[in-house]
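Down below is the structure, laid out as structure tokens.
The values are calculated or read from the model by the stated rules, or taken from the named source; none is laboratory data. These numbers were taken from a predicted model, which means no experiment stands behind them. Cβ placement follows ideal geometry from the backbone for every residue including glycine, while neighbour counts extend to all protein chains displayed.
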Amino acid sequence: MSISYQEVLAIFILSGFLGLAFVAFLVFSTYRYSKKQAEFQKEVASLKTGFEQSITKAQLDMQEETLSAISDKLHDDVKNGLYAVKSLLTVMAKKMEGETKADLQEIIEEITKIAQEVRLTSHSLKTDRIANIGLGEAIEYETYLLKKQANITIELEKNTNAGAAVLDERNTVYLFRMFQETMGNVITHAKATYVKIKLLYPAKDTLELSIIDNGIGFNVKESRKKTSGAAGIGLSGLYKRAFQIGAVVDIKSKIGEGTTVKIQLPLAS
């Protein structure tokens with residue numbers, strides 16, 4: 001039985017159509033698989049980011065609890081212990097005369113100063129107090145302490161407007177800890193003699209905190225690669241806290257020309 005030309009042509013066309021359909025099916029299946037794979041990877045990345053953020057938040061919360069516990073210990077135990085020693089020495093001084101009494105008076109005065117420093121330091125560690133007094137006052141208070149403790153000139157410039165009122169407790173505490181960490185780096189590593197601190201609201205929906213020093217400077221890129229120890233210049237904590245509250249950290253530094261750390265936080269309208 002012979003097959004006509006029309007039948008051969010029909011079979012050829014049908015085969016071609018089936019082949020094209022199969023290729024189209026493969027292309028569509030591959031595209032769909034790639035799309036699902038991309039969505040899966042995006043979801044995994046999102047879950048990973050969320051997990052890392054949760055871990056970081058837990059770590060930072062633990063740090064705050066630790067700092068508050070240290071604050072309580074300093075205020076309740078160390079400070080009170082120093083005042084108890086002061087009271088005992090005061091009683092002894094009343095019974096003494098001459099150089100011995102004068103020496104005891106000097107010791108009493110020194111203990112009083114130390115007790116006051118302990119009290120002030122405990123205040124700068126207490127999370128609740130920082131949140132209650134607000135960022136501006138907390139920074140002003142910390143600046144006062146640093147001026148007493150470090151041989152460095154510190155100038156503070158700040159303005160307050162309606163923007164200050166929208167800072168919640170977490171933003172206030174995190175920004176203050178970032179300020180403390182930056183100032184700790186300046187005093188410990190920068191060898192600066194002058195620091196300018198700016199707490200400004202350049203726009204209604206933006207807070208800007210800048211710390212500018214005239215120290216020795218450092219290589220920002222190299223320091224960002226390191227996450228711990230003195231060599232890390234403490235940058236890890238800055239970026240972790242900034243990530244938690246949606247702030248942006250910009251650090252500019254040149255060897256021998258000082259460093260500028262600028263922290264910008266978008267504010268809720």
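What number of residues within segment 172-188 satisfy the criterion of being buried (at least 17 other Cβ atoms within 10 Å of the Cβ) and either among the small types (Gly, Ala, Ser) or farther than 13 Å from Leu238 by Cα (or both)?
Within segment 172-188, the first condition is being buried (at least 17 other Cβ atoms within 10 Å of the Cβ), and the residues that meet it are 172-183, 185-187.
Filter again for either among the small types (Gly, Ala, Ser) or farther than 13 Å from Leu238 by Cα (or both), leaving 172, 186-187.
Summing the residues that are buried (at least 17 other Cβ atoms within 10 Å of the Cβ) and either among the small types (Gly, Ala, Ser) or farther than 13 Å from Leu238 by Cα (or both) in segment 172-188 gives 3.
Of Ser87, Ser122, all but one fail to be of a type in the set (Ser, Thr, Tyr), in contact with a helix residue (DSSP H, G or I) (Cβ under 7 Å, 6 or more places away or on another chain) and modelled with pLDDT under 80; the exception is Ser122.
Select from segment 147-160 the residues that are more than 12 Å from Tyr194 (Cα to Cα) and surrounded by 16 or more Cβ atoms within 10 Å (Cβ to Cβ) and list them in ascending order. Steps first, answer last, please.
Our first condition is that a residue be more than 12 Å from Tyr194 (Cα to Cα); within segment 147-160, this holds for 148-149, 157-160.
Answer for segment 147-160, where residues must be more than 12 Å from Tyr194 (Cα to Cα) and surrounded by 16 or more Cβ atoms within 10 Å (Cβ to Cβ): just Lys158.
Pairs meeting the criteria (first residue in segment 143-156 and touching a residue at least 60 places away in the same chain (Cβ under 8 Å), second residue assigned to a strand (DSSP E or B) and β-branched (Val, Ile, Thr), beta carbons under 6 Å, at least 6 apart or on different chains) are lacking.
In segment 174-198, of all residues being modelled with pLDDT under 90 and of a type in the set (Val, Ile, Thr), the one that is nearest to Leu265 (Cα to Cα) corresponds to Ile187.
Could you please find all residues in segment 94-113 being hydrophobic (A, V, I, L, M, F, W, C) and either modelled with pLDDT of 75 or more or in contact with a Gly (Cβ under 6 Å, 6 or more places away or on another chain) (or both)?
Let us first name the residues in segment 94-113 that are hydrophobic (A, V, I, L, M, F, W, C), namely 96, 102, 104, 107-108, 111.
The answer is Ala102, Leu104, Ile107, Ile108, Ile111.
Looking only at residues of segment 139-172 that are aliphatic (A, V, I, L, M) and modelled with pLDDT of 90 or more, we find that the one that is farthest from Ala242 (Cα to Cα) is Ile154.
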